[in-house]
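Please read the structure below before turning to the comments.
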Amino acid sequence: MAAASNLAHAAMGDTTDVALAAGGDRQAFERLYRTHANRVFSICARMSGSRTKGEELTQDVFVRTWEKLPQFRGESAFSTWLHRLAVNVVLNARKTEGRQASRTDDGEVDDERWDEAARAPMHIERMDLTDAIAGLPAGARRVFVLHDVEGYKHEEIAEMMGITSGGSKAQLHRARLLLREALER
Amino acid sequence: MTSSNMTCDEFDTALPDYLEGTLDDSRRAAVEGHLSECVRCASMLRDIENIQKGAAAMPDLVPSRDLWLGIESRIAAPVIPLATRPAPQRRMAPAWMGIAAAALIASTAGITYMLTANSLRPAKSSTVAAVTPSSPLQPTNGADSGVPAESTSAPSPVGAVAVTRQPDVTGSRVAARETPPPQRIPVQLVSQSSDRAHSDVVYGREIEMLQNIVSQRRTQLDSSTVAIIERNLQIIDAAIAQSRAALARDPASQMLDQQLTHALDKKVELLRTAAMLPAST
């Protein structure tokens with residue numbers, strides 16, 4: 001009940017701050033940033049498999065948000081719109097970097113691995129889920145994060161990633177099996 | 001193979017749809033029958049369901065540092081309003097940026113040529129704005145120039161200008177005495193020059209701030225993008241230099257003043273665009 005009330009309060013605060021920020025109010029925009037930064041960072045870091053890259057991408061997401069805020073029509077919750085924007089920024093960054101990045105054996109562009117120095121302490125006996133996700137091949141990782149962590153449907157993922165719904169399902173299953181294997185080690 | 005007539009391989013194939021809940025009744029019954037008899041497959045299902053639950057319940061990650069400062073510096077809004085803010089901004093293709101800058105140079109050079117040519121023609125003065133026919137070197141009336149109609153002797157930033165104004169008896173003219181003039185500048189220019197100087201300070205501050213941001217972000221941007229930005233900045237800088245030179249020769253020209261402002265706007269706009277570019281584009 002209290003959680004629902006907090007969510008409603010946050011949404012109301014968002015509405016006001018979104019309107020102010022769309023008009024150029026940077027303080028309102030900073031409040032939006034403070035409210036949503038961790039969530040956006042989580043999406044960026046998990047999808048890219050790198051905390052460092054996730055921080056860069058988070059900044060890109062909020063700069064893009066600032067630019068696009070005047071186009072936000074309020075047809076969905078601001079958080080929904082923002083998270084979708086974050087996903088698009090990550091996917092577009094991948095496309096750009098794809099030209100320069102190395103390719104793995106299975107033909108997928110491989111991301112920078114989860115930074116050893118920056119990551120949270122890892123269990124010694126068992127790899128934790130965060131690290132295991134970071135170790136997935138890029139395509140499988142993105143689908144897994146979008147579906148199992150962020151809750152997108154296969155049709156939405158297919159549209160965002162430019163793949164088929166069947167391809168999304170296949171990547172998800174592959175990701176789950178690889179995670180199981182990694183976590184069992 | 002188990003008594004449910006489903007093999008482990010068949011189970012593996014059916015598992016994604018089983019987890020999605022998209023199997024028809026008979027297939028789902030076969031999967032569940034197999035699960036009740038096969039430890040390996042039951043264990044796999046349990047593990048994957050745990051992964052699903054774990055993934056859905058993952059807490060948010062926290063950045064290692066406050067990212068706001070970096071964001072704020074990139075969205076730092078303009079001291080100088082250009083058009084209107086962030087209406088859907090189209091990213092200008094590099095080729096168009098080049099063409100736009102070339103057009104700017106061409107127009108500036110053309111105007112400079114016209115004005116320079118005019119100023120070299122004998123017996124035609126182009127320096128004085130709004131003067132009476134009988135006194136071509138007299139300054140304009142203070143009411144027109146925005147300068148109070150009283151004695152002023154402050155030196156103009158542009159050159160030797162000291163104008164003494166006296167009340168005009170007839171009300172139609174302003175009498176003026178000037179110090180030995182290499183070039184005479186009407187009172188209007190005192191105001192225009194000080195506006196220009198103020199404008200230069202504001203632009204200078206804005207450009208310096210944006211250049212700092214762009215230079216800090218150099219490593220995050222694609223090298224070809226950086227090269228294009230630098231090339232276009234050189235073109236715009238050349239246009240600015242030409243406008244300044246022409247304005248020094250003809251400080252009265254509002255057109256040249258506008259050209260200079262336009263070129264400075266272009267520079268601010270390009271730097272601002274570069275400052276807000278996403279990383280590695």
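No lab work stands behind these numbers, since they all come straight from the coordinates. Just so it is clear, the structure is predicted and the values come from calculations on it, not from any experiment. Neighbour counts run over all protein chains shown; Cβ positions are idealised from the backbone, glycine included.
Here are the numbers for the structure shown:
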quantity: Candidate lysines for bridging to residue B:53, where Cα separation is under 18 Å - those fewer than 8 sequence places away on the same chain excluded; calculated: A:153, A:169
quantity: Cα-projected label distance for residue B:13 with residue A:181, points at 7 Å along beta-carbon direction, nm; calculated: 2.1
quantity: Sorted by Cβ neighbour density within 10 Å, fewest at the top, the residues A:83, B:198; calculated: B:198, A:83
quantity: Simple spin-label estimate for residue A:159 and residue B:22 in nanometres, 7 Å along Cα-Cβ; calculated: 1.6
quantity: Whole-number percent relative contact order across segment A:7-86, with pairs defined as alpha carbons under 8 Å at least 6 apart; calculated: 31
quantity: Exercise: per-residue mean of other protein chain Cβ atoms within 10 Å, A:63-70; calculated: 5
quantity: Packing-based exposure ordering (other Cβ within 10 Å, fewest first) of A:72, A:29; calculated: A:72, A:29
quantity: Residue B:225 versus residue B:5: modelled label distance in nm, points set 7 Å from Cα along the beta carbon direction; calculated: 6.0
quantity: For A:37-46, mean number of other protein chain Cβ atoms within 10 Å; calculated: 4
quantity: Kirkwood hydrodynamic radius of segment B:213-281, Cα pairs, Å; calculated: 13.0
